[in-house]
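Novice: Below are the structure tokens for one structure; questions will follow.
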Amino acid sequence: MELKDKLRILADSAKYDASCSSSGSNRQNKYGMGNTSISGICHSFSSDGRCISLLKILMSNCCIFNCKYCLNRRSNNIQRATFTPEEVCEITLNFYRRNYIEGLFLSSGIIKDADYTMKLLIETISLLRFKYHFNGYIHAKAIPGAKEDLVKKLGSLVDRMSANIELPTKEGLKLLAPNKKEDNVTQIMQYVKEKRNRNFVPAGQSTQMIIGGTNETDLNIMEKSFSLYQNYHLKRVFYSAYIPVNKDRLLPSLVKPPLKRENRLYQADWLLRYYNLKVSDILDEAKPNFNLLIDPKADYALRHLEEYPKEINKVNYYELLKVPGIGVTSAKRIIQSRKVFKLNFDDLKRMGVVMKRAKYFITCDNKFLINKDMLKKEFIEANLVLDNKPIIEENIGKQLSLFG
Ligand code: SF4
């Protein structure tokens, strides 16, 4: 098979993996080719809109497992291909030289067994690093169940490593991916957490969860994410809306991936990581799923109206962050500026506060921007829903073709 045909097959087979992100590594190049950057490097190229500066490929789409949701599963009759290590190097270096990519995301189906596949990934990345002196960003998928010394070796070669948790519960995993064991995944996470340093997975670890393939609630998903962040210090949990590519009686009969839900989970994940909110602040047993019409922060505000309005010239940083329309940057600007002068609504606008959302939840110097008698939950909710820009579903999670 020609190399370009392999590339077409193995780039296409990799497109359903959302667990890559190129930020978080900072290493200068003294000798060889390529640099990493501490800021996210997200230009366009391979992959799926979520990670577009990396060449995202599988080493092989052959797999001994038969996960029900996966296009590459053993029982599917699809065209199969496997790169040699030298072929991956050739493609990566060629694309890098042409400025198409700034790094590589390399995953694989499980060929023969976990150890065999890991050795192939290690051989490939060792060639890139030591024979071709490629110093650019590499994110590799660790194969759950592989021996610890192989995890150690792979971790010493890459910037980021991920092991996919796949589904939010062990029950879900048993149902749709019975060959996989959550403990094999968390063992890798634990190892990376303990050993991580500037020479071992310096950009940290991430994972992916498939959303909507089983019937877990958003509460189940967020609790799982929160525990992963807490227990294993993950950099990111990536949520991947279940894409119906296979027919199986155990799979949900969705026509389209639940992209709005995926979007809400990312927004909520952000609130947990940067806004100091807890899962119990945004979801509970009585309300275990997100409102698809408004974002989780606005939903939180509407369900806790007794905490508002927030007086802009007084409340602390984390209270400011609870205001819809105020983000990390504008909250920091507010804190800085109000040391010097008292802020009014025009100042907020200049600082980047989205006033059409914030106006229902704030006062400036004890003044409201709109008639406070109108500030009823139903009125605010109706206006926030109107302001909520529709998600352009066809643009989310779309794989850019290497050949398009
Ligand atoms: S292990 Fe499961 S998800 Fe991964 S490639 Fe094989 S069948 Fe697909």
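The values are calculated or read from the model by the stated rules, or taken from the named source; none is laboratory data. Bear in mind that the values here come from a model prediction, so they are computed numbers and not experimental data. When we count neighbours, we look across all protein chains shown, and the Cβ atoms used for this are built from the backbone with ideal geometry, even at glycine.
Novice: Identify all residues within segment 185-213 that are touching a residue at least 60 places away in the same chain (Cβ under 8 Å) and under 18 Å from Y69 (Cβ atoms); write none if there are none.
Specialist: T207, Q208, I210, G213, listed by residue number.
Novice: A further question follows. For segment 212-224, how many residues meet the condition of being buried (at least 24 other Cβ atoms within 10 Å of the Cβ) and farther than 15 Å from K170 by Cβ?
Specialist: 1
Novice: Can you tell me how many residues in segment 130-144 are in contact (Cβ under 8 Å) with a residue 24 or more places away in the chain and either at positive phi or surrounded by fewer than 18 Cβ atoms within 10 Å (Cβ to Cβ) (or both)?
Specialist: Final tally of qualifying residues: 3.
Novice: Also, I was wondering about something else. Would you confirm whether or not segment 59-68 contains a residue that is in contact with a helix residue (DSSP H, G or I) (Cβ under 8 Å, 6 or more places away or on another chain), more than 10 Å from the ligand (Cβ to nearest atom) and not in a helix (DSSP H, G or I)?
Specialist: Yes, segment 59-68 contains at least one residue that is in contact with a helix residue (DSSP H, G or I) (Cβ under 8 Å, 6 or more places away or on another chain), more than 10 Å from the ligand (Cβ to nearest atom) and not in a helix (DSSP H, G or I).
Novice: May I pose another question? Counting just the residues of segment 95-111 that are hydroxyl-bearing (S, T, Y) and away from the ligand (no atom under 16 Å from the Cβ), which one comes out nearest to A142 (Cα to Cα)?
Specialist: This residue is Y96.
Novice: Note down all Cβ pairs under 8 Å where the first residue falls in segment 323-342 and is closer than 20 Å to K359 by Cβ, the second is of a type in the set (S, T, N, Q) and surrounded by 11 or more Cβ atoms within 10 Å (Cβ to Cβ), and they're at least six residues apart or on different chains.
Specialist: R338/N313; K342/N313
Novice: Still on this structure, I have one more. Being away from the ligand (no atom under 15 Å from the Cβ) and touching a Leu at 6+ places or on another chain (Cβ under 6 Å): is that true of T92 here?
Specialist: The answer is yes for T92.
Novice: In addition: Among the numbered criteria (1) within 16 Å of the ligand (Cβ to nearest atom); (2) under 23 Å from D159 (Cα atoms), which single criterion is violated by K193?
Specialist: Failed condition: (1).
Novice: Out of everything in segment 157-183 that is buried (at least 16 other Cβ atoms within 10 Å of the Cβ) and in a helix (DSSP H, G or I), what residue ends up being farthest from the ligand (Cβ to nearest atom)?
Specialist: Among those residues, the one meeting the criterion is L157.
Novice: Same structure again: When you scan segment 251-306, how many residues do you find that are in a helix (DSSP H, G or I), farther than 21 Å from R236 by Cα and either of a type outside the set (F, W, Y) or free of Cβ contacts under 8 Å to residues at least 12 places away in the same chain (or both)?
Specialist: Looking only at that region, the number is 7.
Novice: Does Y191 satisfy the criteria of being surrounded by fewer than 22 Cβ atoms within 10 Å (Cβ to Cβ) and among the hydroxyl-bearing types (S, T, Y)?
Specialist: yes
Novice: Something else now. Answer with yes or no whether K147 is assigned by TED's automatic domain parsing to the domain that holds Q190 and in contact (Cβ under 8 Å) with a residue 40 or more places away in the chain.
Specialist: So K147 fails the test.
Novice: On to the next question. List, please: which pairs have Cβ atoms under 8 Å, are six or more places apart or on different chains, and start with a residue in segment 360-382 that is in the same structural domain as F345 (by TED's automatic domain parsing) and end with one that is of a type in the set (S, T, N, Q)?
Specialist: That search, which allows pairs on different chains as well, returns Y360/N383; C364/N313; C364/N344; D365/N313; D365/N344.
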